Amino acid sequence: MSSAVVVGVSGGIGKALEEALIEEGAFDKVYGFARSENGDRHLDLEDEASIAAAALRVGSPTLVIVATGLLHDGDKGPEKAMRELDPVWMARNFAINAIGPALVAKHFLPTMPKAGRIVFAVLSARVGSIGDNKLGGWYG
């Protein structure tokens, strides 16, 4: 039985990917996860136990896509100057945008088949590039 995983189905890209994979029908089962979901669809990138539990529930997927990210939360958003750096906000950004996807890899990669083609993909924002994005700032 082939299965696919999409983490971040509460966002536009994640939801669209989940829907496209289901519609395509190439997988017997498509698992969608998000922090805002309850029960078996819950996965919080800031809670490693929830990531580990999700990986155990899924079994052995051949495709895992992480389509998560934090840029804005309430009145918090990307800083445009060094003087605006907030270490707590920056730490939360790193936890969700960098550490979280690494934890998904830590728990899902060992469950993926050892033979045959597998795909583990993490989508990132344009502001995460190492080139000049022409937007300024955005240190976290």
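The numbers here are math on the coordinates, done by the rules we state, and not lab data. Given the structure is predicted, the values throughout are model-derived calculations rather than measurements. Methodologically, a virtual Cβ is constructed for each residue, glycine included, from the backbone with ideal geometry; neighbour enumeration extends over all protein chains shown.
Of the trypsin sites (Lys or Arg not before Pro) in segment 65-111, not one is in a loop by DSSP (not H, G, I, E or B) with at most 10 other beta carbons within 10 Å. Shown is the FRET efficiency for ALA26 and ALA102, computed with R0 = 30 Å from the Cβ-Cβ distance and rounded to the nearest 0.05: 0.65. Taking amide H atoms as placed 1.01 Å from N in the peptide plane, the amide H of GLU37 lies under 5 Å from those of LEU43, each 5 or more residues away in sequence or on another chain. Given [x] 33, 16, 11; [y] 29, 15, 14; [z] 47, 14, 11, which label gives semi-axes √(5λ) of the Cα gyration tensor in Å as computed from the coordinates? Of the labelled values, this structure produces [y]. Segment THR111..GLU19, full-extension length gain: 30.8 nm, with 0.36 nm per residue of separation and the alpha-carbon distance subtracted. State whether segment 10-64 is rounded, prolate or oblate according to the following rule on the C-alpha gyration tensor (a ≥ b ≥ c being the square roots of its eigenvalues): a/c under 1.5 gives rounded; otherwise a/b larger than b/c gives prolate, and the remaining case gives oblate. Because a/c hits 1.5 or more and a/b fails to exceed b/c, segment 10-64 counts as oblate. Residues in segment 68-77 carry Karplus couplings, in order, of 10, x, 10, 10, 10, 8, x, 8, 8, x Hz; the curve used is 6.51 cos²θ - 1.76 cosθ + 1.60 with θ = phi - 60°, and Gly or Pro positions show x. I want to check a number: in the chain, how many lysine pairs have alpha carbons closer than 27 Å, given a sequence separation of 8 or more or different chains? Value for the chain: 8.
Residues with beta-carbon under 11 Å from that of MET90, excluding MET90: net charge, scoring Lys, Arg +1 and Asp, Glu -1?
Local charge sum for MET90: -1.
Work through the residues other than ILE22 whose Cβ is under 13 Å from its Cβ and net out their charges, Lys, Arg +1 and Asp, Glu -1. Within the 13 Å Cβ shell, the charges total -3. When each of THR111, THR68, THR62 is scored by the number of other beta-carbon atoms lying within 10 Å, the sequence from fewest to most is THR111, THR62, THR68.
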